[in-house]
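What follows is a set of notes on a single structure, which appears directly below.
The values are calculated or read from the model by the stated rules, or taken from the named source; none is laboratory data. Keep in mind that what you see is a predicted model, and the values were worked out from it rather than measured. Positions of Cβ are generated from backbone atoms using ideal geometry, with glycine treated the same way; all protein chains shown enter the neighbour counts. Only protein heavy atoms, including side chains, enter the accessible area calculation; ligands, DNA and RNA are left aside. Shrake-Rupley method; radii C 1.70, N 1.55, O 1.52, S 1.80 Å.
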Amino acid sequence: QVQVVESGGGLVQAGGSLRLSCAASGINSRINTMAWYRQAPGKQRELVAGITPGSSTNYLDSVKGRFTISRDNAKRTVYLQMNSLKPEDTGVYYCNLPFGGINYWGQGTQVTVSS
């Protein structure tokens, strides 16, 4: 059974940093692109960053230069290093793993940035 579990959220002051982790289990083959999404209260879920198996990356414009996505293929884990956090980064962050024609999501981890 495929599972995706996020960790690392929390409360931080503006300008601070957090590192999110997303671990995938139940998969014995190569994992393709993984991504982080976020959803703020009253807003739609949006793509924050994605990373291919070869570590090519893409970012939401508003997080470029502040967030860094990376992955450890051996551990089937993807990370999101978030620096210079802003109150508008507040939301629930979700890890997304497309695999075998199914989109797997984690339960989400709350990130709250206070001003």
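So, in segment 1-35, exactly how many residues are of a type outside the set (A, V, I, L, M, F, W, C), surrounded by 13 or more Cβ atoms within 10 Å (Cβ to Cβ) and not in a strand (DSSP E or B)?
Residues that pass the stated criteria total 4.
Would it be correct to say that residue 40 is of a type in the set (A, V, I, L, M) and more than 13 Å from the chain's Cα centre (by Cα)?
Values: of a type in the set (A, V, I, L, M): yes; more than 13 Å from the chain's Cα centre (by Cα): yes.
In short, yes.
Run down 35, 74, 24 and say which single residue is hydrophobic (A, V, I, L, M, F, W, C), within 19 Å of residue 99 (Cα to Cα) and without any contact (Cβ under 8 Å) to a residue 40 or more places away in the chain. Before you say what the answer is, go through the steps one by one.
Values: 35 fails: without any contact (Cβ under 8 Å) to a residue 40 or more places away in the chain; 24 fails: without any contact (Cβ under 8 Å) to a residue 40 or more places away in the chain.
Residue meeting the stated conditions: 74.
Within segment 36-59, restricting attention to residues that are open to solvent by 70 Å² or more (accessible area, probe 1.4 Å) and in contact with a Gly (Cβ under 8 Å, 6 or more places away or on another chain), which residue is modelled with the lowest pLDDT?
41
So for segment 81-98 (the condition being over 19 Å from residue 9 (Cα atoms) and touching a residue at least 60 places away in the same chain (Cβ under 8 Å)), does at least one residue qualify?
We begin by selecting, within segment 81-98, every residue over 19 Å from residue 9 (Cα atoms); these are 98.
With touching a residue at least 60 places away in the same chain (Cβ under 8 Å) added as a condition, the list becomes 98.
The answer is yes; a qualifying residue exists.
Out of curiosity, is residue 80 over 16 Å from residue 35 (Cβ atoms), of a type outside the set (Gly, Ala, Ser) and open to solvent by less than 40 Å² (accessible area, probe 1.4 Å)? Before you say what the answer is, go through the steps one by one.
Numbers: over 16 Å from residue 35 (Cβ atoms): no; of a type outside the set (Gly, Ala, Ser): yes; open to solvent by less than 40 Å² (accessible area, probe 1.4 Å): yes.
In short, no.
Determine, yes or no, whether residue 62 is out of contact with any helix residue (DSSP H, G or I) (no Cβ under 6 Å at 6 or more places or on another chain), part of a loop (DSSP other than H, G, I, E, B) and free of Cβ contacts under 8 Å to residues at least 40 places away in the same chain.
On the way: out of contact with any helix residue (DSSP H, G or I) (no Cβ under 6 Å at 6 or more places or on another chain): yes; part of a loop (DSSP other than H, G, I, E, B): no; free of Cβ contacts under 8 Å to residues at least 40 places away in the same chain: yes.
So residue 62 fails the test.
Can you say whether residue 75 is assigned to a loop (DSSP other than H, G, I, E, B), open to solvent by 60 Å² or more (accessible area, probe 1.4 Å), at pLDDT 95 or above and out of contact with any helix residue (DSSP H, G or I) (no Cβ under 6 Å at 6 or more places or on another chain), as far as the supplied structure shows?
On the way: assigned to a loop (DSSP other than H, G, I, E, B): yes; open to solvent by 60 Å² or more (accessible area, probe 1.4 Å): yes; at pLDDT 95 or above: no; out of contact with any helix residue (DSSP H, G or I) (no Cβ under 6 Å at 6 or more places or on another chain): yes.
Taking the combined requirement at face value, the residue does not satisfy it.
It is to be established whether one or more residues within segment 38-54 are outside any loop (DSSP other than H, G, I, E, B), on the phi < 0 side of the Ramachandran plot and of a type in the set (Ser, Thr, Tyr).
Here is the first cut: in segment 38-54, the residues outside any loop (DSSP other than H, G, I, E, B) are 38-39, 46-51.
When the remaining residues are screened for being on the phi < 0 side of the Ramachandran plot, the result is 38-39, 46-51.
Right, trim to of a type in the set (Ser, Thr, Tyr) and you get none.
Taking every residue of segment 38-54 in turn, none turns out to be outside any loop (DSSP other than H, G, I, E, B), on the phi < 0 side of the Ramachandran plot and of a type in the set (Ser, Thr, Tyr).
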